[in-house]
Amino acid sequence: MAPTLYDENPKLGDLIEIFRTTYQHWAVYVGDGYVVHLAPPSEIAGNSSSSVMSVLAEKAIVKKEQLWDVVGNNQWKINNGLDDSYEPRLAEVIVKEACALVGEERPYCVFRGNCEHFANELRYGKAESRQVRKAGELAMAAGVATVVGLGFVALASALFGGKKKEDKSTE
């Protein structure tokens, strides 16, 4: 087994985070160098060029593939980051359930049912995506900033725009 970013070997049921160019792909380690992951048809193992098409996919296939075939040239790490929030299920249960799903076609939605939701549901019994949550928080912050900015423009317009009309009427 080749090293991860942290030079660790995954254990059964570990979540593997793969750093594609514009997003992270997630998989569950099931042993003997294999992972199970939810892959839209455009997700080509080890390839980040298909990320735009992944967003548009409505269906995905549960695949069991060699970790290094999925990782390709991308960086990856073991990331069981929700262990502090949720109790991980038993490794044997995670692996058995993951392998039983191989070949299944599932609905795919980048916001409600992506590969991270899939991996977290297997490990914790909770379909959650921190990528989606983070993107939502960024969008919310951008929206708030836009509203605040527009509010300042409206206020400035009301304060200074009205004065110009007043000046014109006094001439």
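Every read-out reported here was derived from the displayed coordinates using simple, explicitly stated rules and does not represent laboratory data. In this text the structure is predicted, and so the values were computed from the model without any measurement. When we count neighbours, we look across all protein chains shown, and the Cβ atoms used for this are built from the backbone with ideal geometry, even at glycine.
Using only the alpha-carbon atoms, what does the range 15-128 span along each of its principal axes? Please give whole angstrom values in decreasing order.
Its Cα atoms span 34, 27, 27 Å along the three principal axes.
May I ask you to derive the FRET efficiency for Thr21 and Phe111 from their Cβ-Cβ distance with R0 = 22 Å, giving the value to the nearest 0.05?
So, using R0 = 22 Å, E works out to roughly 0.65.
How many nm is it between the label spots at Glu104 and Trp68, if each spot is 7 Å from the Cα in line with the beta carbon?
Spacing of the two 7 Å Cα→Cβ label points: 3.0 nm.
Quick one: length gained pulling Val93 to Lys77 fully straight, 0.36 nm per residue minus the C-alpha distance?
Numbers: separation 16, 0.36 × 16 = 5.76 nm, distance 2.19 nm.
Taking Val93 through Lys77 to full extension adds about 3.6 nm, to one decimal.
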